[in-house]
Amino acid sequence: MKTRVKELRIKAQLTQQQLADLVHVSSRTIISIEKEQYSPSLMLAYRMAEVFGVSVEELCCLKENKELEDRQYEDL
């Protein structure tokens with residue numbers, strides 16, 4: 001799932017480890033989210049959204065991800 005985590009983290013001048021510490025996960029989790037290899041749980045997305053002062057919807061690009069998913073279902 002595409003997110004804005006990396007963009008927002010860099011803008012906030014946080015390292016992956018600093019963000020991980022703030023939201024109580026490992027830096028590997030943040031790395032995996034940024035590489036789109038792992039989708040955060042709702043609670044983790046909420047914690048990160050709070051750190052960055054954005055909505056979960058904005059953090060997780062929900063509208064864009066839904067549109068991509070909808071197109072995949074249309075192709076079936």
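List every residue pair whose Cβ atoms sit under 7 Å apart, with the two residues 6 or more apart in sequence or on different chains, where the first one lies in region 59-76 and is under 27 Å from Leu44 (Cα atoms) and at pLDDT 90 or above and the second, anywhere, is open to solvent by 60 Å² or more (accessible area, probe 1.4 Å) and not acidic (Asp, Glu).
Partner pairs satisfying both residue conditions: Cys60/Met1; Cys61/Lys2; Glu64/Lys2; Asn65/Met1; Asn65/Lys2.
Let me spell it out: the conditions are (1) farther than 17 Å from Glu7 by Cβ; (2) modelled with pLDDT of 95 or more, and Ser32 meets all of them except one. Which number is the exception?
(1)
Here's a check for you: in region 48-76, which residue that is in a loop (DSSP other than H, G, I, E, B) and over 21 Å from Leu19 (Cα atoms) is most open to solvent (accessible area, probe 1.4 Å)?
Applying the first criterion (in a loop (DSSP other than H, G, I, E, B)) to region 48-76 yields 53-55, 60-61, 75-76.
Filter once more, keeping what is over 21 Å from Leu19 (Cα atoms): 75-76.
Working: Asp75: 131, Leu76: 164 Å².
For region 48-76, the residue satisfying everything is Leu76.
Which of the residues belonging to region 10-23 are assigned to a helix (DSSP H, G or I) and either hydroxyl-bearing (Ser, Thr, Tyr) or open to solvent by 50 Å² or more (accessible area, probe 1.4 Å) (or both)?
Step one: list which residues in region 10-23 are assigned to a helix (DSSP H, G or I), which gives 10-11, 16-23.
If the condition is that a residue be assigned to a helix (DSSP H, G or I) and either hydroxyl-bearing (Ser, Thr, Tyr) or open to solvent by 50 Å² or more (accessible area, probe 1.4 Å) (or both), then Ile10, Lys11, Gln16, Gln17, Gln18, Asp21, Leu22 are the ones that fit.
State which residue pairs qualify: first residue loosely packed, with under 15 Cβ neighbours inside 10 Å and inside region 24-35, second residue among the aliphatic types (A, V, I, L, M) and part of a helix (DSSP H, G or I) in any location, beta carbons under 6 Å apart, and separation of 6 or more residues or different chains.
As it stands, the answer is Ser26/Ala20; Ser27/Ala20, since those pairs meet every condition given.
So in region 10-34, with the set limited to residues that are more than 10 Å from the chain's Cα centre (by Cα) and of a type in the set (D, E, K, R), which one is nearest to Gly53 (Cα to Cα)?
Of everything passing the filter in region 10-34, Lys11 is nearest to Gly53 (Cα to Cα).
The values are calculated or read from the model by the stated rules, or taken from the named source; none is laboratory data. Note that the coordinates shown come from a computational prediction; the quantities given were computed from them, not determined experimentally. Every residue, glycine as well, gets a Cβ built from its backbone with ideal geometry; the counts of neighbours run over all protein chains shown. When the accessible area is computed, the model is the full protein with side chains, heavy atoms only, and any ligands, DNA or RNA have been set aside. Shrake-Rupley method; radii C 1.70, N 1.55, O 1.52, S 1.80 Å.
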